[in-house]
1. Which one of the conditions (1) in contact (Cβ under 8 Å) with a residue 12 or more places away in the chain; (2) in a loop (DSSP other than H, G, I, E, B) does residue 353 fail to meet, given that it meets all the rest?
2. If you go through the stretch 349-369, how many residues are in contact with a Lys or Arg (Cβ under 8 Å, 6 or more places away or on another chain) and surrounded by 22 or more Cβ atoms within 10 Å (Cβ to Cβ)?
3. Among the residues of the stretch 374-384, is there at least one that is assigned to a helix (DSSP H, G or I) and basic (Lys, Arg)?
4. Quick check on my filter: what residues within the stretch 310-332 are surrounded by fewer than 21 Cβ atoms within 10 Å (Cβ to Cβ), under 16 Å from the mean Cα position of the chain (by Cα) and not in a helix (DSSP H, G or I)?
5. Would you call residue 250 assigned to a helix (DSSP H, G or I) and over 20 Å from residue 320 (Cβ atoms)?
6. Do you know which residues across the stretch 333-343 are more than 17 Å from residue 292 (Cα to Cα) and either outside the structural domain of residue 383 (by TED's automatic domain parsing) or surrounded by 21 or more Cβ atoms within 10 Å (Cβ to Cβ) (or both)?
7. Residues that are in contact with a Gly (Cβ under 9 Å, 6 or more places away or on another chain) and at pLDDT below 80: find the helices (runs of 4 or more DSSP H) completely inside the stretch 388-502 holding 3 or more of those.
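The values are calculated or read from the model by the stated rules, or taken from the named source; none is laboratory data. Computed from a predicted model, the values in this text were never measured in an experiment. Here the Cβ positions follow ideal geometry from the backbone for every residue, glycine too, while neighbour counts run over all protein chains shown.
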Amino acid sequence: MLLRDLLAVPELRLRLLVGTDAALDRPVRWVYTTDLIDPGRYLSGGELVISGLVWHNGPGDSDLFVDTIADAGAAALAAGEARLHHVPADLEAACRRRGMVLIAVPEEVSFSAVTEQVTGSVTAARGDRLAARLGRQRELLSAVAGGMGLTELSGRVSETIGVVCRIFTPTGRAIVPGPVPLTASKVDLVVQAYLTADRLPANVSGQPGYSVFPVGPALAQRLTSWFVVVVGPWQSWSPDVSDAVGELVAFAALDRSRRNEGRRVARTIADDAIRLITAGASGQPETAARLRQVGLDPTVRMMVVVAGFVDRPDLTETAVTVLEDAVAHLGPPVAAATSDGLAVALVAGGQDPDPSATLRTALERLQPALGGLRLTVGISRPSGAEALSGAIREAEHARELARLRSGPLNVVTDAEVTSHVALLAMVPDEVRRAFASRVLDPVLDYDARNDAGLVETLEAFLDHSGSWSRVAQHLHLHVNTVRYRISRVEELTGRDLARFEDRVDVFLALRSR
């Protein structure tokens, strides 16, 4: 029911005290009668608030009452004249200040008569709207059953209600971009509004303004949920528009659930592929087959991205979902979790001239929702399939550098990794393994037969820059034992660990295993 229609009911003899002609076209969703001075918590928007002004004891009371109902989204205030025999001027002033429609209810007209008029009209309209909604739902269900995708479905709803609907992820990735994609700055605005709003749906200020709606339960983890973006403030919509948007949100939730089922099937294969690559088998036919099964071409160069929430292993699945969303800005990703609780994603290089910058921009949009969490991300350089094991190590090393920095979000790229990790990441896995085997196999075999602790002593020797005493202290050994073990390593490897070049060979062999 519109306010204009309510004022036109002759037997109610209502008088308009404050309100423009345009404001009279506001729809009334329901009626709420109150004499509380602060009834905002009982309002959800669109109500005609009726009050006998029992709370009114001075001008300040009018300001407080009107601010409360205006902030809650009330459609209008109907003030009874029975108590004061008039509507106070300060109440009119407060309503003008907030743009709140003010209607006077004569002393001889009961509040119940106004309530019955509104509820009767609203109930009848709801019945008509329910019939129309059921018809629209049947039409949409038939379209979905016929194979209509979410983009086409959103376009049909947008055309029906006359406002554009879009669907996004928290990193700003457009599931449904709309007829004209939003600019990057507008994407930033709607994402921030969705991630930070106290309640959903929420409004996004600007020209034009937008409304954002969660896809799925409003209390769901916003870092991993979709949201619908619709042009215009939702409080001003007609019930038909609100119903249609609600239906789109419901269908989007169904579509997301369907996609998640597909992801779960692919996830098993992705887990296998990541496990093989992490184990150093990135160049093997079995790994190539797994990559093809999840949609990646093993003949093209790929980036590796590793992410994790610091000290929150319980959020590993959230990290996988967030990473998969961010990497999807570059192309179809393969994402999985590692045994140590990190998220790993592989993605083909594609046509993006600066993929690391694109990823950083996508991830930075999540910062408003991180709160006390710390998300750290490492990115490798593009590598061929045969060197992906090294690329994973490079990305893990970059993520470790990110973890050492402060702040809720840190992204470290391959350009910032300047150690031996970057060098080894560029070497095909087979070459690295062959080098490590040639240098270290005699030592490993000797340890396996005699449990001599040579590898442990060698690693400590290199970590402590060849200091006999510090190695002995670290391993709780006599210094002569350390000397004997290192000399045995030198015999088995044919390297003189007093020479810098030989020491580098052994160090790189250890890191190449």
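1. Of the numbered conditions (1) in contact (Cβ under 8 Å) with a residue 12 or more places away in the chain; (2) in a loop (DSSP other than H, G, I, E, B), the odd one out for residue 353 is (1).
2. First, the residues of the stretch 349-369 that are in contact with a Lys or Arg (Cβ under 8 Å, 6 or more places away or on another chain): 349, 362, 369.
Subset that is surrounded by 22 or more Cβ atoms within 10 Å (Cβ to Cβ): 362.
Adding up the residues that qualify gives 1.
3. We begin by selecting, within the stretch 374-384, every residue assigned to a helix (DSSP H, G or I); these are none.
No, the stretch 374-384 contains no residue that is assigned to a helix (DSSP H, G or I) and basic (Lys, Arg).
4. Across the stretch 310-332, the qualifying residue is only 328.
5. When the stated conditions are applied, residue 250 passes them.
6. Step one: list which residues in the stretch 333-343 are more than 17 Å from residue 292 (Cα to Cα), which gives 337-343.
Result: 342, 343.
7. Details: elements: 388-403, 420-425, 429-450, 454-463, 468-475, 479-493.
In the stretch 388-502, the matching helices (runs of 4 or more DSSP H) lie at 420-425, 429-450.
Residues checked against (1) at pLDDT 95 or above; (2) within 22 Å of residue 4 (Cβ to Cβ):
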position: 57; (1), (2): no, no
position: 65; (1), (2): yes, no
position: 75; (1), (2): no, yes
position: 81; (1), (2): no, yes
position: 102; (1), (2): yes, yes
position: 111; (1), (2): no, yes
